[in-house]
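Okay, so here's the structure we're looking at.
The values are calculated or read from the model by the stated rules, or taken from the named source; none is laboratory data. Computed from a predicted model, the values in this text were never measured in an experiment. We place every Cβ from the backbone using ideal geometry, glycine too, and count neighbours over all the protein chains shown. Only protein heavy atoms, including side chains, enter the accessible area calculation; ligands, DNA and RNA are left aside. Shrake-Rupley method; radii C 1.70, N 1.55, O 1.52, S 1.80 Å.
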Amino acid sequence: MTSNAAKDPLVVHTVEFLGGMASAEGWRPDVALPVVAFSGRSNVGKSSLLNKLVRRKQLARVSQTPGKTREINFFNINGTFVLADLPGYGYARVSKEKREGWRPLIEGFLRQSQELRGVVQLIDVRHDPSPDDLLMLDFLADLGAPTVVALTKIDKVKVRELTPLIARIAQTTGLDTEQLIPFSAETGEGRDELAAALVELLEQPSWRAP
Ligand code: GTP
Ligand code: MG
């Protein structure tokens, strides 16, 4: 084992795609493993972040056409836990009906999943959180789901712009800057911090009494 691997909070040995869930009543994976879900608006970088997190180039598909993933995709990691890639919400260039179609599926899943240990909410560091982002954070707070926020695409801003942007997002969301993990799928910055936060979510007992 190299010294690098020894320091890695999340060493991924195996990744298995379990399938997609297309409706709140539809198919879901039949595994009793802890689940962490990844949520955020379309194009925020969920699939890219997931790939970086598990160090696979093409685990989750990175889209050129935002808003395409309409299912919740499940990945079994190391046979010990499951990552759920939620469809991106808020993509403007689809019909209003489609645009609002995310709520029953995503909210239904988050409400019903007994194995859910927490959610990683993604917010693009360059933009103010959207009304849908704030709605989702409120929903997660009401649910009581442990939530970690990753600020994506930090490679796209200048280093000196980063601190004020983070402060602004902390203010808009009412979160402490300590709860925000700056991340770049391009450079890999924040990967180990996020991996450590993920492991922490997975190690907690469910906040949800069965
Ligand atoms: P949907 O599945 O459509 O909701 O999108 P998504 O949230 O999964 O985003 P995805 O990972 O597909 O990334 C969208 C676009 O942003 C792609 O062109 C990515 O290459 C780009 N991107 C994602 N993360 C980063 C990042 O950290 N830095 C940079 N520069 N580009 C990124
Ligand atoms: Mg995606």
Please give the contour-minus-distance gain from residue 161 to residue 111: 0.36 nm per residue of separation, less the Cα-Cα distance, rounded to one decimal in nm.
14.3 nm
For region 82-90, 3J(HN,Hα) per residue [Karplus equation, 6.51 cos²θ - 1.76 cosθ + 1.60, θ = phi - 60°, Hz, x = Gly/Pro]:
10, 9, 10, 8, 7, x, x, 9, x
Taking the Cα-to-Cβ direction at residue 138 and at residue 168 and moving 7 Å from each Cα, how far apart do the two end points lie in nm?
2.2 nm
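Can you check what the net charge comes to around residue 79, using other residues whose Cβ is under 15 Å from the Cβ of residue 79 (Lys, Arg +1; Asp, Glu -1)?
Neighbourhood net charge equals -3.
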As a percent rounded to 5, the proportion of antiparallel DSSP bridges among beta bridges in the chain is 35 percent
Environment charge at residue 145 (Cβ cut-off 10 Å; Lys +1, Arg +1, Asp -1, Glu -1):
+2
A correct Stokes-Einstein calculation for region 159-209, using the alpha-carbon Kirkwood radius, 4 °C and 1.567 mPa s, returns a whole-number D in µm² s⁻¹ of 102 µm²/s
With a ≥ b ≥ c taken as the square roots of the eigenvalues of the C-alpha gyration tensor of region 11-63, please select rounded if a/c is under 1.5 and otherwise prolate if a/b is larger than b/c or oblate if it is not?
oblate
Extended-chain gain in nm, criterion 0.36 nm per residue less alpha-carbon gap, residue 204 and residue 25:
61.7 nm
Mean accessible area per residue over the chain (1.4 angstrom probe, all protein chains present, square angstrom) is 53 Å²
Residue 32-residue 130 FRET efficiency (beta carbon distance; Förster radius 41 Å; 0.05 resolution)
0.75
Peptides 156-162, 187-193, 201-207 ordered by average Cβ neighbours within 10 Å, highest first:
187-193, 201-207, 156-162
Region 38-46 - phi-based ³J(HN,Hα) in whole Hz, Karplus 6.51/-1.76/1.60, Gly and Pro as x:
10, 10, x, 5, 4, 6, 6, x, 4
Would you mind checking which residues have amide H under 5 Å from residue 150's amide H? H placed 1.01 Å from N; only 5 or more apart, or other chain.
121, 122, 123, 181
Given backbone amide H placed at 1.01 Å from N, residues whose amide H is under 5 Å from that of residue 18, ignoring those fewer than 5 places away on the same chain, are 74, 75, 76
Sum -39500 (n - 2.57) across every DSSP H segment of at least 4 residues in the chain, then divide by the residue count to get the 222 nm mean residue ellipticity, nearest 500.
-10000 deg cm²/dmol
Can you tell me how the chain classifies by the Cα gyration tensor, rounded, prolate or oblate, using a/c under 1.5 as the rounded cut?
rounded
Go through region 117-134 residue by residue and turn each phi into a ³J(HN,Hα) via Karplus (6.51, -1.76, 1.60, θ = phi - 60°); whole Hz please, and just put x for glycine and proline.
9, x, 10, 9, 9, 9, 9, 5, 4, 7, 10, 4, x, 6, x, 5, 4, 5
